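Below is one structure, written out as structure tokens, with a few remarks after it.
The values are calculated or read from the model by the stated rules, or taken from the named source; none is laboratory data. Computed from a predicted structure; not experimentally measured. Cβ placement follows ideal geometry from the backbone for every residue including glycine, while neighbour counts extend to all protein chains displayed.
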Amino acid sequence: MWRDGTQVTPRQTIKFPAKVMVWGMVSYQALSTLHILPQKETINAKYYVDEILEGPCIQALRRTDENGGILERKMIPDMSKAIFMQDGAPAHTARKTQDWYRQNLPGFWEKQKWPGNPPDLNPIENIWSIVQDKIDKMKPAVNVNDLEKMLKNAWSSIDPDILERLYLGMPMRVQRCIELSGEYIGK
């Protein structure tokens, strides 16, 4: 197709694409397992604490396998040096959730401490973008099961070197955010 002198490549689309909600966590050296949330689940503070933080989050932090054995490579070797960040979703900022963070995560930043518009500063946002780019290069998912497989494959294929580069780039991104008075800094 041509439009205003610009070539546009047609792309296969699905009128009502499959959709899922996922939870994942990244650190300097590792990705958690990607957790697919149940369809039509309401993600309130109770669900988030009981099913996410007490489940896949703690498992990722402790980096245990399904049989309880400690894996060779811990996701966060020294929790006292970790900063745990969330976005502003109501389930993340609820009192119950904030209390859980304070009790379980020594490096938790209170919601008032983190900038109000942090996507540029949060490394997982870059990871979600990479996952989306990988999925966009695949044939569109025709159902939820296909999409879940595609997401898990895209997530697990992320090179650990990317994680390291994202974290090493944090000081530069923070400085740029300060220079721009909190405005978006881009990728």
- request: Return the residue satisfying two criteria in turn: it lies in region 19-65 and is free of Cβ contacts under 8 Å to residues at least 40 places away in the same chain and part of a strand (DSSP E or B), and of such residues it is nearest to the chain's Cα centre (by Cα).
  value: 23
statement: Going through region 166-186 in order, the residues found to be more than 15 Å from residue 126 (Cα to Cα) and of a type in the set (D, E, K, R) are 176, 179, 183
query: Looking at region 101-185, what helices (runs of 4 or more DSSP H) fall wholly within it and have at least 3 residues that are farther than 15 Å from residue 26 by Cα?
result: 123-136, 144-156, 170-179
query: Would you say residue 149 is charged (D, E, K, R) and closer than 19 Å to residue 21 by Cα?
result: yes
- prompt: Which of the residues spanning region 84-100 are under 19 Å from residue 24 (Cα atoms), at pLDDT 80 or above and either outside any loop (DSSP other than H, G, I, E, B) or touching a Pro at 6+ places or on another chain (Cβ under 8 Å) (or both)?
  reply: 90, 91, 92, 93, 97, 98, 100
